[in-house]
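This report concerns only the one structure given below.
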Amino acid sequence: MEGQAERRSERLAKKQRVEAPEEAAAAEAVVAEAPAAEGQVAQAQEEEERGDEPGITRLERLCAPTAHQGAGLSKADLNALIDHGIHCVESIAFMPLRKLQDVKGIGEQKAQKIMAAARQLVPMRMVSAAEMLQMRRNMIQLTTGSTQLDRILGGGVETGCITEIFGEFRCGKTQLCHTLCVACQLPIENGGGESKALYIDTEGTFRPERLVSIAERYGLHEEDVLENVTCARAYNAEHQEKLLAEVGNVFCESRYALLIVDSATSLFRTDYSGLHELSERQRALNGFLRKLQRIADEHGVAVLVTNQVMGTAGGKTDVAGQQVAAVGGSVMGHASQTRLFFRKGHGTSRICRLHDSPSLPEGEALFAIATGGITDAY
């Protein structure tokens, strides 16, 4: 009797599986999804406990379910975002929704879910002028090495914005770039950022041995200084722009305070020649500068770009009395928050004029180029 009862139970169970395969599959799917969801929450919590780099929210935070400020993304979704040049949640929060839909495998509905999660993790709210003032007072500024130059800059080179230096050759632009690469590694109380620097060299003028002599001036260990400066050589305008996609990844892996492009315009001048390519050059240059601003916004780094000059009527006067103007026209002028004009003085001395700033008055400072980098002129 017991054997017959067992066989009847087996036949009944088999019949139920045949008649309701969809219900059984759904039940199995729920059971299978439960540990997967738990795994996503655990992964997101592990990332949060491990901690993000200062100012950086890792993409793994988006793997959590929507109930935990995530978007339920899979590993494949994360790889698609990274392949598209998106390396942190800040990049998503600051980009237009239509640009997010350009990522392979990200449709409109998923893009909206990702954007909603990103703006929860990276709040972009209105603030009062008092709050904004306090944020600016807490902003880190990097010393130039010259007290007079720092004075007209209100303390040093600002982080979170673009500073442009334009002038003729041998006026100290590249020397300031090298000095800042070392100065940004100093303690914050000494005018540094306690961080690394990334140097994009477009003219072949980066010299690591120059960093060694500047490190000696500040009493820093030369090997540590050299390890904390990442350099990349750009060979054409397209390569220069592609390097910015890699910059986002590098900045998410470690703490950086400074991005240098020396110079921003030289490759655009050579790759786009003649009046018939002028509009295309300006469009490409504008796109490059817009990406630089986005990096400054996302990572809070100081972006320093150098620029060449050309002869023109009604421009700034150089040491020889020639009228010069910055290359790039209004595109460069609108992209930079602070613009400095360098010109030669007597001997090793140089003159800096604060050409444009939203908060600082125009003024001039005398500085010098020494073995230890940019310093005061005596």
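The values are calculated or read from the model by the stated rules, or taken from the named source; none is laboratory data. Computed from a predicted model, the values in this text were never measured in an experiment. So basically every Cβ, Gly included, is an ideal-geometry build from the backbone, and we count neighbours across all protein chains shown. The accessibility values were calculated without ligands, DNA or RNA, using every heavy atom of the protein model including side chains. Shrake-Rupley method; radii C 1.70, N 1.55, O 1.52, S 1.80 Å.
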**OP:** Select from segment 133-150 the residues that are under 21 Å from residue 90 (Cα atoms) and either modelled with pLDDT of 90 or more or charged (D, E, K, R) (or both) and list them in ascending order.
**Re:** 136, 139, 140
Original post:
Scanning for something open to solvent by 20 Å² or more (accessible area, probe 1.4 Å), polar (S, T, N, Q), assigned to a loop (DSSP other than H, G, I, E, B) and within 22 Å of residue 293 (Cα to Cα), does segment 130-140 turn up at least one residue?
Top reply: yes
Original post:
Quick one: in segment 114-134, which of the residues that are free of Cβ contacts under 8 Å to residues at least 40 places away in the same chain and in contact with a helix residue (DSSP H, G or I) (Cβ under 7 Å, 6 or more places away or on another chain) is nearest to residue 78 (Cα to Cα)?
Top reply: 115
Subject >> Those residues of segment 214-225 which are within 17 Å of residue 143 (Cβ to Cβ) and in a helix (DSSP H, G or I), in sequence order >> reply: 214, 215, 216, 217, 218, 225
Subject >> Candidates 109, 69 - the one that is of a type outside the set (D, E, K, R), at pLDDT 85 or above and exposed (fewer than 13 other Cβ atoms within 10 Å of the Cβ) >> reply: 109
Original post:
Within segment 141-162, is there a residue that is in a helix (DSSP H, G or I), touching a Lys or Arg at 6+ places or on another chain (Cβ under 9 Å) and surrounded by fewer than 16 Cβ atoms within 10 Å (Cβ to Cβ)?
Top reply: no
**OP:** Please identify the pairs in which a residue from segment 247-272 that is touching a residue at least 40 places away in the same chain (Cβ under 8 Å) and under 17 Å from residue 233 (Cβ atoms) has its Cβ atom under 9 Å from the Cβ atom of a residue that is surrounded by 24 or more Cβ atoms within 10 Å (Cβ to Cβ) and of a type in the set (Asp, Glu), counting only partners at least 6 apart or on another chain.
**Re:** 264/164
Subject >> Segments classed as helices (runs of 4 or more DSSP H), wholly inside segment 242-346, with at least 2 members that are closer than 23 Å to residue 204 by Cα and either modelled with pLDDT of 95 or more or among the aromatic types (Phe, Trp, Tyr) (or both) >> reply: 266-271, 278-299
Original post:
Looking at this structure, is residue 204 small (Gly, Ala, Ser), open to solvent by 10 Å² or more (accessible area, probe 1.4 Å), in the same structural domain as residue 371 (by the TED database) and in a loop (DSSP other than H, G, I, E, B)?
Top reply: yes
Original post:
Take the residues of segment 174-195 that are closer than 13 Å to residue 220 by Cβ and of a type in the set (A, V, I, L, M): which is surrounded by the fewest Cβ atoms within 10 Å (Cβ to Cβ)?
Top reply: 186
Original post:
Tell me, which residue of segment 350-378 that is under 25 Å from residue 208 (Cα atoms) and assigned to a loop (DSSP other than H, G, I, E, B) is least open to solvent (accessible area, probe 1.4 Å)?
Top reply: 372
**OP:** Determine the pairs where a residue that is within 16 Å of residue 102 (Cβ to Cβ), located within segment 59-84, has a partner that is in a loop (DSSP other than H, G, I, E, B) and open to solvent by 40 Å² or more (accessible area, probe 1.4 Å) with Cβ atoms under 9 Å apart, the partner being 6 or more residues away or on another chain.
**Re:** 77/105; 80/104; 80/105; 83/104; 84/102; 84/104
Subject >> Count - residues of segment 246-281 that are open to solvent by 10 Å² or more (accessible area, probe 1.4 Å) and closer than 15 Å to residue 308 by Cβ >> reply: 8
Subject >> Search result, residues across segment 94-129 that are aliphatic (A, V, I, L, M), outside any loop (DSSP other than H, G, I, E, B) and closer than 26 Å to residue 68 by Cα >> reply: 97, 100, 111, 114, 115, 116, 117, 118, 121
**OP:** Could you grab me the full set of residues in segment 78-93 that are in a helix (DSSP H, G or I), within 15 Å of residue 63 (Cα to Cα) and in contact with a Leu (Cβ under 8 Å, 6 or more places away or on another chain)?
**Re:** 78, 81, 82, 89, 92
Subject >> Residues being under 28 Å from residue 256 (Cα atoms) and not in a loop (DSSP other than H, G, I, E, B) - total across segment 54-75 >> reply: 7
Original post:
Is there any pair linking a residue in segment 285-314 that is free of Cβ contacts under 8 Å to residues at least 60 places away in the same chain and surrounded by 20 or more Cβ atoms within 10 Å (Cβ to Cβ) to one that is of a type in the set (D, E, K, R) and assigned to a helix (DSSP H, G or I), with Cβ under 6 Å and at least six apart or on different chains, and which?
Top reply: 288/241
